[in-house]
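What follows is a short report on a single structure.
The values are calculated or read from the model by the stated rules, or taken from the named source; none is laboratory data. As the structure is a computational prediction, the values presented were derived from the model and not from experiment. Glycine gets a Cβ as well: all are built from the backbone with ideal geometry, and neighbour counts include every protein chain shown. Surface accessibility is based on the protein's heavy atoms, side chains included, excluding ligands, DNA and RNA. Shrake-Rupley method; radii C 1.70, N 1.55, O 1.52, S 1.80 Å.
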Amino acid sequence: LHIGGSEKRMFVVGKDLNNNCLYVSDDEKYLLSDEAIIEQVNWLAEAPMKCKAKFRYRQKEYDVGIVDCDKEEVKIKYKDVKAVTPGQACVFYDNDVCLGGGIIKEVYYKNKLKEFV
């Protein structure tokens, strides 16, 4: 890719498989999101209106609000979180109790769908 050697950290912010393109940036703002659709949700407890969520293993928990919920999908809102990525797991918590989880289907920032592929 010929992008090595930079003193700044580089982040993959998107990819276009059809054109064999990988989009990178040194600006972390492209990693931010504030809303996501979670699919294949499996609740172990009743779905709350507010709880905590983790989007990556060993990542801290973030406050989320459940905006829309049905048996198949959940729409959640949160304050700017980095690296919420389709295909990854989203797990919901109430303190140390796991409430359930699912797979991140779509990610949005400021009401705009983030295109990763």
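Find, among the chymotrypsin sites (Phe, Trp or Tyr not before Pro) in region 16-117, those assigned to loop by DSSP (not H, G, I, E, B) with at most 16 other beta-carbon atoms within 10 angstrom. Write down the numbers at each step before the final one.
Working: sites: TYR23, TYR30, TRP43, PHE55, TYR57, TYR62, TYR78, PHE92, TYR93, TYR108, TYR109, PHE116; in loops: PHE55, TYR57, PHE116.
Answer in residue order: TYR57, PHE116.
Return the loop-located trypsin sites (Lys or Arg not before Pro) in region 63-110 (DSSP other than H, G, I, E, B) with at most 15 other Cβ atoms within 10 Å of their own Cβ; answer none if there are none.
Numbers: sites: LYS71, LYS75, LYS77, LYS79, LYS82, LYS105, LYS110; in loops: LYS71, LYS110.
Qualifying residues, ordered by number: LYS71, LYS110.
Report the label-to-label distance for GLU28 and TYR57 in nanometres (one decimal), using points 7 Å from each Cα along the Cα→Cβ vector.
Computed distance between label sites GLU28 and TYR57 equals 2.3 nm.
Return one whole number: the accessible area per residue of the chain in Å², for a 1.4 Å probe. Intermediate values should be presented prior to the final figure.
On the way: 8190 Å² over 117 residues.
Here the residues of the chain average 70 Å² of exposed surface.
Please identify the trypsin sites (Lys or Arg not before Pro) of region 1-70 that satisfy two criteria: DSSP loop assignment and at most 10 other Cβ atoms within 10 Å. Which are they?
LYS8, ARG9, ARG58, LYS60
Going 7 Å from the Cα of ALA45 in the Cα-to-Cβ direction, what parts of region 61-92 have a backbone nitrogen less than 17 Å from that spot?
61-66, 91-92
Determine the alpha carbon to alpha carbon distance for each of LYS71/LYS110; LYS15/LYS50; LYS15/LYS60; LYS82/LYS110; LYS8/LYS52 and list only those over 24 Å.
On the way: LYS71/LYS110 26 Å; LYS15/LYS50 33 Å; LYS15/LYS60 26 Å; LYS82/LYS110 14 Å; LYS8/LYS52 32 Å.
Table pairs above 24 Å Cα-Cα are LYS71/LYS110; LYS15/LYS50; LYS15/LYS60; LYS8/LYS52.
So, in nm, how far is label SER6 from label ALA83 when the simple model puts each one 7 Å beyond its Cα toward the Cβ?
1.6 nm
Taking +1 at the Cβ of each Lys and Arg and -1 at the Cβ of each Asp and Glu, which of ILE104, ALA89, SER33 sits farthest along the dipole of the chain towards its positive end, judged by Cα position relative to the Cα centre?
Highest projection toward the positive end goes to SER33.
Which residues make up the longest stretch of the chain that has no GluC sites (Glu not before Pro) in a DSSP loop with at most 15 other Cβ atoms within 10 Å? The partial results should precede the final answer.
Values: sites that count: GLU7, GLU46, GLU61, GLU72, GLU115.
Value returned for the longest uninterrupted segment is 73-114.
At 0.36 nm per residue, minus the direct Cα-Cα distance, what do LEU17 and LYS112 gain on full extension? Give it in nm, one decimal, please.
Extra length available between LEU17 and LYS112 comes to 32.1 nm.
Take the solvent-accessible surface of the protein heavy atoms, probe 1.4 Å, and return the percent of it on the chain that carbon and sulfur atoms account for.
Values: 3920 of 8190 Å².
C and S fraction of accessible area: 48 percent.
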